[in-house]
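Quick note: the coordinates plus some simple rules give every number you see, no bench work behind them. These numbers were taken from a predicted model, which means no experiment stands behind them. As a convention, Cβ positions derive from the backbone with ideal geometry for all residues, glycine included, and neighbour counts pool all protein chains shown.
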Amino acid sequence: MTDSVNPELIEELKTQKQEMDAHYAHIIATPYNSSQQVKEMQRLVVKTATSLMEHGIPLTLPPKERSITDVIMNAAGEVGMMAGSSAMAQGISFVRQVKDNVQRSQDKQEAGIPDDSELVGEEIIDIYQDEEGFFFVDEEGVLIPCDDYGNPLED
């Protein structure tokens, strides 16, 4: 059994696709001036959903698991749309910081490090491994036994 699709709906969808293509062409040509295009694209997505529903097409969105990053990205996007591109850049920077903090917390949990532990000082060191275990070389050239994260082992 095949459902017949109203030709009027097909024409509406084709027109909306052409409009969306035009918006993408504008964004590709001038990405730094795309705020209005993005706003129009959001409006067009709603218009497409409305057209489908008006023609009796059942439209249900699958439930999506939302992560912390999703929520923050949506918020940053909305703030950027309201406040302008500099706020958007700050929002994206904030999102990256939060994402990094969440990842660090997850890494700590996987490593068995308590969440309430604090990073006292951070520096980049090279960690080596031999048959006795892990070690790094301090500024004075002394070999310091450590765990695989570079934390010195107590004697």
Amide H partners (placed H, <5 Å) of Phe134, local residues excluded: Cys146
Proximal charge balance of Glu12 [Cβ under 12 Å; K/R count +1, D/E count -1]: -1
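May I ask for the net charge around Glu40, where only other residues with Cβ less than 11 Å from the Cβ of Glu40 are counted and Lys, Arg are +1 while Asp, Glu are -1?
Working: positive: Lys39, Arg43, Lys47; negative: Glu19.
Result for the neighbourhood of Glu40: +2.
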